[in-house]
Amino acid sequence: MKITAIETIRAESHPNLLWIELHTDQGLVGLGETFYGAAQAEAHVHAYLAPILLGRDPRPIERHWRAMIPYCGYVGTGAEMRALSAIDIALWDLGGKALGVPVHQLLGGAVRDEIRVYNTCAGYRYVQNRPAQGTDNFGLPEEAARGEYEDLDAFLNRADELAASLLEMGIGAMKIWPFDFAAEANRGLTISPAELTKALEPFDKIRRALGDRIEVMAELHALWLKPAACEIARALQPYRPFWIEDPVRMDHLASIKDVARASTTKIATGETLGGRAQYRSLLELDAVGVLIMDIGWGGGLTEARKVAAMAEAWHVPFATHDCTGPVALAAAVHFSLHAENALIQEMVRAFYFGWYGEMVTDLPPLRNGLIRAPEGPGLGLALQPDLKRRPGVTVRRSAL
Ligand SMILES: [Mg+2]
């Protein structure tokens, strides 16, 4: 079997998303995905990765992974690493299809049949239109355009009702980010008592209404400098959050240690890092409660195996990121079924029940707060057959 063409697919409606299809002479197609900087990652696929892969047997994935590592851009989650990650996911999909087994089997087998999810409380259009995170990319809906799961608007205004509606679906954990407005207003330098009280309101409402029946994660989006992050961590402690995520920017890891020491709450972090060396440095701090990795950013499934195994050796739980796209979610679920120390799977119900299904043929089935891998070989899903012909969708192709 050999790779005969590499296609990159982008949709104007979701400019952050990049899909990759690896086509072979046997008619099998491998699907991958990454998110953010789609044009940059796409350029790297065609300029650098296509000549490495075209004409090659896709099955020796480890060999390809090593060949795809560039002289610079080999750590972090820059365009080179995101492009490599998407290709790596597609290689695993193809590997599974070639053998007729699901990706979790190819990884070495599943240690569980399903895994618990938490809902990242975004709305349908969260981070859809702009190439960055920030409150201007919250995608808060006009009254007329509201769907059933406008969970970002809900956590800001009706956190208790939102928590109850998640519990009703069997989802027992939720993530919210009510601190972002104050972070942007103050450039992360400080948070006033009034801002802190306002940001804590959703946590307060949830605990008052539901007690401990639901777990709540606090997402800080790496928007704070260390003193304010420590203050927030201390203020959150009475609400017993499940974790505090990304309190500071991940370019000075020692700060994570100080924030972790500021309270007893676990710090969860890592999704903006890529490559095993960055994760090793993070684990060496001995301060991280949960290691988060985005498989579509940090090196694909090949690197996720190594990073999760390393975290296991440090006795640290592992959690895969999803607030991006349906293929990365499927890859993450396969991985979470396989990895012994996988703690919980992120999902966004507004995406899952909203636009994810418009893009792909199948999604990992979700039942009573538990998610499992789609049936079938490889990842178990493909792009919707008409997707490439839709208006606003562009395909770029490198072929033998
Ligand atoms: Mg996050």
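Please treat every number below as a calculation from the coordinates, not as lab data. Model, not experiment: these values are computed from the prediction. Cβ coordinates were reconstructed from backbone atoms using ideal geometry, including for glycine residues, and neighbour counts include every protein chain displayed.
Between segment 88-108 and segment 29-51, what's the alpha-carbon centroid distance in Å?
Comparing the Cα centres of segment 88-108 and segment 29-51, I get a distance of 19 Å.
Once phi is turned into ³J(HN,Hα) by the Karplus curve 6.51 cos²θ - 1.76 cosθ + 1.60 with θ = phi - 60°, what whole-Hz value does each residue of segment 97-104 show in order, with x for glycine and proline?
Couplings: 5, 4, 9, x, 10, x, 4, 5 Hz.
Rounded to the nearest 20 Debye, what is the dipole magnitude of segment 269-369 about its Cα centre when Lys and Arg each give +1 and Asp and Glu each give -1 at the C-beta?
Working: 6 positive and 11 negative charges, 21 e Å.
Taking the Cα centre of segment 269-369 as origin, the dipole is about 100 debye.
Using θ = phi - 60° and the Karplus form 6.51 cos²θ - 1.76 cosθ + 1.60, what ³J(HN,Hα) does each residue of segment 127-136 get, whole Hz, x for Gly and Pro?
Values, residue by residue: 6, 7, 9, 10, x, 8, 8, x, 5, 6 Hz.
With charges only on Cβ, +1 for K and R and -1 for D and E, what is the dipole size of the chain about its Cα centre, in debye, rounded to 20?
720
Please list, ordered by chain and number, the residues whose modelled amide H lies under 5 Å from the amide H of Ala342; skip anything fewer than 5 residues away on the same chain.
Phe318
What residue among Arg305, Arg130, Arg389 has the largest mean-square fluctuation in a Gaussian network model of the chain, using Cα springs under 10 Å?
Comparing Arg305, Arg130, Arg389 in a Gaussian network model of the chain, the most mobile one is Arg389.
Compare Val103, Val327, Val111 in a GNM of the chain, Cα atoms joined below 10 Å, and give the one with the largest fluctuation.
Val111
Can you pull out the chymotrypsin sites (Phe, Trp or Tyr not before Pro) in segment 49-112 whose DSSP state is coil and whose Cβ has at most 11 other Cβ atoms within 10 Å?
Passing both the DSSP loop test and the Cβ count: Tyr71.
Mean residue ellipticity at 222 nm from the helices of the chain, using -39,500 (n - 2.57) per DSSP H segment of n ≥ 4 over the full residue count, to the nearest 500 deg cm²/dmol?
Values: 16 runs with 150 residues, N = 400.
Using -39500 (n - 2.57) per qualifying helix, the result is -11000 deg cm²/dmol.
Using a simple charge model, +1 on the beta-carbon of Lys and Arg, -1 on the beta-carbon of Asp and Glu, nothing else, what dipole does segment 34-157 show about its Cα centre, in debye to the nearest 20?
660
Could you give the length gained on full extension between Ala5 and Arg249, defined as 0.36 nm per residue of separation minus the Cα-Cα distance, in nm?
84.0 nm
What are the ³J(HN,Hα) couplings of segment 231-242, residue after residue, when phi is run through the Karplus curve with 6.51, -1.76, 1.60 and θ = phi - 60°? Round to Hz, x for glycine and proline.
Per residue, the Karplus-derived 3J(HN,Hα) values read 5, 5, 4, 5, 5, 6, 3, x, 8, 6, x, 5 Hz.
Using DSSP to call loops (not H, G, I, E or B), can you name the GluC sites (Glu not before Pro) in segment 1-83 whose Cβ has at most 12 other Cβ atoms within 10 angstrom? Please list the in-between numbers first.
On the way: sites: Glu7, Glu12, Glu21, Glu33, Glu42, Glu62, Glu80; in loops: Glu12.
Those satisfying the criteria are Glu12.
Which three lengths, in whole Å and largest first, does segment 319-400 cover when its Cα atoms are put on their principal axes?
The principal-axis extents, from largest down, are 39, 32, 22 Å.
Hey, in the GNM for the chain with a 10 angstrom Cα cutoff, which one of Thr24, Thr269, Thr197 fluctuates hardest?
Between Thr24, Thr269, Thr197, it is Thr197 that shows the largest mean-square fluctuation.
Amide H neighbours of Gly378 under 5 Å, at least 5 residues apart or on other chains, H built in the peptide plane: list them.
Sorted by chain and number, the residues that satisfy this are Gly96, Lys97, Val101, Val103.
Under a crude label model (7 Å from the Cα following the beta-carbon direction), how far is Thr197 from Lys257 in nanometres?
3.7
If you line up the Cα atoms of segment 1-118 on their principal axes, what length do they span on each, largest first, in Å?
The Cα atoms of segment 1-118 stretch 39, 36, 30 Å along the principal axes, largest first.
Find, among the GluC sites (Glu not before Pro) in segment 312-365, those assigned to loop by DSSP (not H, G, I, E, B) with at most 16 other beta-carbon atoms within 10 angstrom.
Listed in order of number, the matching sites are Glu340.
Using the structure shown, select from Lys97/Lys306; Lys2/Lys306; Lys198/Lys266; Lys226/Lys306; Lys205/Lys226; Lys226/Lys266 the pairs with a Cα to Cα distance greater than 21 angstrom.
Beyond 21 Å between Cα atoms: Lys97/Lys306; Lys2/Lys306; Lys198/Lys266; Lys226/Lys306; Lys205/Lys226.
Along the three principal axes, how long is segment 214-333 when you take its alpha carbons, biggest first, rounded to the nearest angstrom?
Here the spans come out as 38, 30, 24 Å, largest first.
If each residue of separation counts as 0.36 nm, what is the full-extension length gain between Glu142 and His46 once their alpha-carbon separation is subtracted?
Gain on extension, Glu142 to His46, equals 30.7 nm.
For segment 284-336, build the convex hull from the C-alpha positions and give me its volume per residue in Å³.
Spread over its residues, the Cα hull of segment 284-336 gives 75 Å³ apiece.
Counting residues in the chain as N, plug N into 2.2 N^0.38 Å and put the Cα Rg over that result.
Values: Rg = 20.3 Å, N = 400, 2.2 N^0.38 = 21.4 Å.
Ratio of Rg to 2.2 N^0.38 Å for the chain: 0.95.
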